[in-house]
């Protein structure tokens, strides 16, 4: 990463320096906007270019600690990949069908349900998040940001097989947590 002009700013941003990240934002806003505008031109999403660019920088800010400058990787390349992934996400979303409100809300939580029963699910999700290691949290964050398992494995210095094992372990933990919530709500 010695040839990356952003090296020091990235390191400062990783340490929580918002001014450093803002400098990176000013440096790359025009480039990222151009990428998004080009990829979304002619689609209904082109009306939301500014919002999508803002979201891309928000994702980058949330995930900057997971950026690893391995094998000469540059921050600009990483940021452009986030932009490309976010643009691809736009086309993966299927439009929702409109339906009457009473049908849409069918199966939702009963507003008369005791608040502690409702919060049991929220507590459980928070407890699962708190029980995760820092590496597992980075994995979940990167996965939700659209990174492939190979990219995550590279960033976390793991093998793809280890990523699949971690996925299975976290899924089992989530399922057992959901079962616990279901059993506590039925009581």
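The values are calculated or read from the model by the stated rules, or taken from the named source; none is laboratory data. Note that the coordinates shown come from a computational prediction; the quantities given were computed from them, not determined experimentally. We place every Cβ from the backbone using ideal geometry, glycine too, and count neighbours over all the protein chains shown.
Residues that are in a loop (DSSP other than H, G, I, E, B) and either buried (at least 16 other Cβ atoms within 10 Å of the Cβ) or at pLDDT 75 or above (or both) within the range 154-187 comprise 156, 157, 158, 159, listed in sequence order. Considering the range 141-153, and only residues there that are closer than 16 Å to residue 64 by Cβ and in a helix (DSSP H, G or I), the residue that is modelled with the lowest pLDDT turns out to be 144. Number of residues in the range 29-74 that are under 16 Å from residue 147 (Cα atoms), out of contact with any helix residue (DSSP H, G or I) (no Cβ under 7 Å at 6 or more places or on another chain) and part of a helix (DSSP H, G or I): the value is 1. The residue that is farthest from residue 76 (Cα to Cα), counting only those in the range 2-28 that are in contact (Cβ under 8 Å) with a residue 60 or more places away in the chain and not in a helix (DSSP H, G or I), is 3.
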